[in-house]
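What follows draws every value from the coordinates through simple rules; no lab data is involved. Note that this is a predicted model, so its numbers are computed, not measured. Neighbour counts run over all protein chains shown; Cβ positions are idealised from the backbone, glycine included.
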Amino acid sequence: MGAIARYCNDAFAIADMEVRKLRHDPGELATRAIQPVLWLLVFGQVFAHTRAIPTGEVAYIDFLAPGILAQSVLFVAIFYGISVIWERDLGIVHKFLVSPAPRTALVLGKALSAGVRALSQAVIVYAVALVMGVGMDWSAAALAGVVALVVLGAALFSTFSLIIACVVKTRERFMGIGQVLTMPLFFASNAIYPIAIMPDWLKWIAHVNPLTYEVDGLRALMLERGASGLGLPLDFAVLTGTLALLVLCCGRMYPRIVV
Amino acid sequence: MNDAALARDDRVADVLTTLGLTRRFGHLTAVDSLTLSVGAGEIFGLLGRNGAGKSTLIKMLTTLLPPTAGSARVGGYDIVHDASRVRAIIGYVPQSLSADGELTGRENLAVFARLYDLPRLMRAQRVDEGLAFMGLTEAADTMVRAYSGGMIRRLEIAQSMLHRPPVLFLDEPTVGLDPVAREAVWAHIRELRKRYGTTIVLTSHYMDEVEQLCDRVAILRQGRSVALGALAELKAGTGDPAASLDAVFAYFTGDAVESGAAYRETSLTRQDFQRHG
C-alpha cells in the first residue's frame, strides 16, 4: 500500500471502530437530540413571537435552525475528548500509540467519527425544522454542502476537544473546562442573533470564532432563501484551515496523554 | 514466514539492546543507566517492585516515552530515531485489561489488523487464526464486556500478535487472574515462542510465573539492574541453589517482592472487570 493509502486506511480504521460502537449502542444519540429540539421549539418560538431579534427578510425560526444545528454539532464534538481520557485510563490509547499508525491519522479517525455522530443530530434538526415550517433547501448540492459542513465542524471541535484532553489529562478537569468553553463559543457567534446587532467587541470575537463560519455556511445551504453574510468560500476555507492546524497540533500532543 | 521482517542488520543476534538507558522526571530518576540485551527467541523477565522502573522501561522500549539519556535498539532499530520502524515490529499488552468493552472480540482484533496495515485479504484470516490460537472462536462475536478477565487477556495477546511481531512486550500478563486463567495464558505464551520464535519481554511480580516462563531475569531496584541472568544462576548466586524467588529477590535488593503491590494491582484489575461489566 502506498503511504497515502495506508494513512487513509489507518484513519478509517479508527473511524470505523467508533461507528461500530455507536451501532452497538445508539441510545446516546437520542439523549443528545433533546437539546436542539428544546431550543427550536421553546426558545425559537418565544423569540420569534417577541420579534426581539431583527433578522431581516428571513423569519426568526428559519434564521435560528442552522444556528441550532451548529450548536448541537459543537456540543456533540466538544465532549469527545472525554473518550480519550477514558481510553487512556483503560490502556487502549497506549496500544494505538504503539501501532505504526501516524498520530495525526489516529486524530483524524476520531474527528471523522465525531462527524458521523453529528450527522445524526443534523437529521433530527432537519426533522424538527420541517415540522415547524422552516423553508429548507432540499437540492442535492445543498444537502451535500450541509453534510460537508457538519462533518468539518464536528471534526474541528472534536480535535480541539482532544487537545484539551491531552493538556488536562483528568476527567474532572476536562468537564470543568468543557463547560467553560462551550458557552462563550456559542454565544459569541451568530448562532442565535445576527452579527450586525452585536456590540463591537463581541463582533470582533465572533469573527475569530470558527462557529460563526460554520453557522454562516449552514444558513446559506440549509435555507431556501438563505444567503451567506461572509461568503461560502471563506466559510469552508476557515473551517478547513483551522481543522488542519488543530490536527497537526493534536498529533504532536497525543503522546502526552500517556505520560 | 515472518512478514514483519524488514531489511535490517541481521547479524544482530540480540534482538533488544539498551545502553545506559536513563529516564528522569524532574529530580526523580525512574530508570538509571540501564544496560542489558535480550537474545532472539528468549523469554526475558523484568522483576521489581512498584517504582522500580519496570513500566517506565517498557514505555521507552515501546516508544511511548523518549529516554532522557542513553539509547536502545529493538530489532536493530533505534527507539528514538527509528521509532516508527520499531512500532511496526513490536507487539504490546499493557498491564490493565485494555480491550474495548463496547465491541465484540472479533471487532477488537479487526481494528488492529487494519492499524497494522495488514493487506485486506489477509485481515480476516489473521483475525480467525488469532481467535483460534487463543481459544476464543466461540466467543468471538460476543461483546467483550461479557468476557472474563482471562479471556480479555488472551484476546489482547491475540491482538498483539496479529502482525507476527518478532518482539512482544507483556506488562504483568497475569495479574489479578484466577489460577486456571493464569495457566492458560502461560501455555499460550510458551506456544507463541514455540510456533513463531517470538522474543518476549515481560514484567512480573510472581515467582511461579517467572520460574515457569523466563529463560533469564533482570531484577530492577530504583531504576537499576541489580542482578541479571538465568534463574538458576541467580539462585546459585545467593549461595542456596534451591532458594525461592522471594529469597533471591530479597538477597539482591534487600526488599521483599511486595505482596502489597500485587494486591493493589489485583484490585485495579478487578475494577477493570467491573468497568467492562
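Could you compute Rg(Cα) / (2.2 N^0.38 Å) for chain A, with N its residue count?
Values: Rg = 18.5 Å, N = 259, 2.2 N^0.38 = 18.2 Å.
So chain A has a normalised radius of gyration of 1.02.
Could you state the orientation-averaged shadow area of the convex hull built on the Cα atoms of region A:146-200, in nm² to one decimal?
For region A:146-200, the mean projected area of the Cα convex hull comes to 5.0 nm².
Between residue A:205 and residue A:35, what length in nm is gained on full extension when 0.36 nm per residue of separation is reduced by their alpha carbon distance?
58.7 nm
Looking at B:57, B:152, B:67, which one has the Cα that reaches farthest to the positive end of the dipole of region B:14-275 (charges on Cβ: Lys, Arg +1; Asp, Glu -1)?
It is B:67.
Compute the long axis of helix B:179-196 from its Cα atoms, compare it with the longest principal axis of the Cα atoms of chain B, and write down the angle in degrees, 0 to 90, nearest 10.
80
Assigning unit charges at the beta carbon (Lys, Arg +1; Asp, Glu -1) and nothing else, what dipole magnitude in debye, to the nearest 20, does the protein assembly as shown show about its Cα centre?
Details: 50 positive and 49 negative charges, 115 e Å.
Computed about the Cα centre, the dipole is about 560 debye.
For region B:200-247 and region A:84-101, write down the distance between their C-alpha centroids in whole Å.
30
I'd like the projected area of region B:22-97, averaged over all directions, using the convex hull of its alpha carbons. Report it in nm² with one decimal.
The orientation-averaged projected area of the Cα hull of region B:22-97 comes to 5.7 nm².
Convex hull over the alpha-carbon atoms of the protein assembly as shown: what's its volume per residue in Å³?
Cα-based convex hull of the protein assembly as shown, divided per residue, equals 160 Å³.
For the protein assembly as shown, what is the calculated [θ] at 222 nm in deg cm²/dmol (nearest 500), taking -39500 (n - 2.57) for each run of four or more DSSP H residues and dividing by its residue count?
Calculated from helices alone, the mean residue ellipticity at 222 nm is -18000 deg cm²/dmol.
So what's the gap between the Cα centers of region A:125-195 and region B:107-131, to the nearest angstrom?
Here the answer is 35 Å between Cα centres.
Which angle between 0 and 90 degrees, to the nearest 10, do you get for helix A:171-187 versus the longest principal axis of chain A when only C-alpha atoms count?
Long axis of A:171-187 versus the principal axis of chain A: about 30 degrees.
Where does helix B:105-115 land angle-wise versus the long Cα axis of chain B, in degrees 0 to 90, nearest 10?
For helix B:105-115, the angle is close to 80 degrees.
Compute the whole-percent fraction of alpha carbon pairs in region B:14-275 spaced more than 24 Å apart.
Distances greater than 24 Å cover 48 percent of the Cα pairs.
For a test of understanding, tell me how many lysine pairs in the protein assembly as shown have Cα atoms under 21 Å apart, given they are 8 or more places apart or on different chains. It would help to have the intermediate numbers written out before the result.
Working: A:21/A:95; A:21/A:110; A:95/A:110; A:95/A:169; A:95/B:54; A:95/B:59; A:110/A:169; A:169/B:59.
Total qualifying Lys-Lys pairs in the protein assembly as shown comes to 8.
Using a 10 Å Cβ count of at most 15 others and DSSP loop calls, identify the longest part of chain A lacking such GluC sites (Glu not before Pro).
For GluC sites (Glu not before Pro) (loop position, at most 15 other Cβ atoms within 10 Å), the longest site-free span of chain A is A:58-223.
Distance between the C-alpha centers of region A:1-50 and region A:231-259? Whole Å please.
18
Given region B:14-275, what percent of its DSSP beta bridges are antiparallel, to the nearest 5? Could the numbers behind the result be given before it?
On the way: 22 of 40 bridges.
Antiparallel: roughly 55 percent of the beta bridges in region B:14-275.
Where does region A:1-145 land on the Kirkwood hydrodynamic radius, alpha-carbon pairs, in angstrom?
With all distinct Cα pairs of region A:1-145 included, I get 17.5 Å.
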